[in-house]
Amino acid sequence: MADGSRVPDGAAAVFGEALPGAVRYAELLAGPGVERGIVGPAEADRIWDRHLLNCAAIGRLVPSRAWVVDVGSGAGLPGIVLGLLLPSARLTLVESLARRVSFLEECVLILGLTNTEVVRGRAEELAGQLAADVATARAVAPLEKLAGLCLGLLRPGGRVLAIKGSSAEAELARARPALTRLGITDARVTTVSGADAAATATVVVLSGSAEARGQSGPVRRGGRAMDRQGVARPGGQRASGRADGRQARPNSRRGGG
């Protein structure tokens, strides 16, 4: 039965205490995700091997307390997986399609991911409104386009982690002239493995100089000025935080297509 409940060997080593959440997420992907056209029917039997474990592998490249923006989040891969694995991180899932946004919001609520928010919009529309540490993307766009989309959502010097396939080296070679023009100072392909050394992911890692965004002054979000670390001024509260110190509920910005 393609319900996401057949947990493969090694998943416990990868997800640890987050395994129950990962199992529930697999069920949501293979069930409502397929029924609503968020995930293709052919993917239902390979939710774990091709998607969850693949995405979990890049958790090793993300600092535990980083602000991560997942560009073109779709079904939440890798954003929701990272939200499960990194409870101290802040995840912002950016998605423009309403039906995907609805699915993401339901997953965040059901899984109890208080560190994760859903923002409806396109990356190019949100440029300058976020200042994340890391941008992730999977099957979104060619590198030369993806880099430009992600840089506008990062603090100066932030990092892009793009999950790619076997042609990553060739794609990177084609994109290098465009990446140089964008201010990317370090671009490389790396292979990362999960805790069980079985699940692997091929990732293009892009790092820019402090001037790569080409913007100056505070970023604005929700009408409040914020510094480059995403801290609101005044008061020192992060954008998703509350004055009383409690975590704000995940939300969705309804502007955009």
Out of (1) among the polar types (S, T, N, Q); (2) over 11 Å from the mean Cα position of the chain (by Cα); (3) closer than 22 Å to Ser88 by Cβ, the one Thr136 does not meet is (2)
Hey, any hits in region 75-90 for a residue that's farther than 19 Å from Val160 by Cβ, more than 14 Å from the chain's Cα centre (by Cα), modelled with pLDDT under 95 and small (Gly, Ala, Ser)? no
Of all residues in region 80-91 being in contact (Cβ under 8 Å) with a residue 60 or more places away in the chain and buried (at least 23 other Cβ atoms within 10 Å of the Cβ), the one that is nearest to Gly21 (Cα to Cα): Leu84
Under 23 Å from Pro32 (Cα atoms), assigned to a loop (DSSP other than H, G, I, E, B) and not basic (Lys, Arg): is that true of Leu91 in this structure? no
Condition set in a strand (DSSP E or B), in contact with an Asp or Glu (Cβ under 9 Å, 6 or more places away or on another chain) and not hydrophobic (A, V, I, L, M, F, W, C), scope region 121-156, selection surrounded by the fewest Cβ atoms within 10 Å (Cβ to Cβ): answer is Pro156
Could you check how many residues of region 162-195 are surrounded by 16 or more Cβ atoms within 10 Å (Cβ to Cβ) and either more than 30 Å from Leu19 (Cβ to Cβ) or in contact with a Gly (Cβ under 9 Å, 6 or more places away or on another chain) (or both)? 11
Among (1) surrounded by fewer than 12 Cβ atoms within 10 Å (Cβ to Cβ); (2) at pLDDT 90 or above - the single one Leu206 does not satisfy: (1)
Pairs please, first residue from region 133-159 and among the acidic types (Asp, Glu), second anywhere and in a helix (DSSP H, G or I) and surrounded by fewer than 23 Cβ atoms within 10 Å (Cβ to Cβ), Cβ atoms under 6 Å, 6+ apart in sequence or on different chains. Glu144/Ala175; Glu144/Ala178
Report, by residue number, each residue of region 92-122 that is in contact with a Gly (Cβ under 7 Å, 6 or more places away or on another chain) and either among the small types (Gly, Ala, Ser) or without any contact (Cβ under 8 Å) to a residue 12 or more places away in the chain (or both). Ser96, Gly121
State all residues of region 36-79 that are hydroxyl-bearing (Ser, Thr, Tyr) and crowded, with 22+ Cβ neighbours inside 10 Å; if no residue qualifies, say none. Ser73
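The values are calculated or read from the model by the stated rules, or taken from the named source; none is laboratory data. Given the structure is predicted, the values throughout are model-derived calculations rather than measurements. Methodologically, a virtual Cβ is constructed for each residue, glycine included, from the backbone with ideal geometry; neighbour enumeration extends over all protein chains shown.
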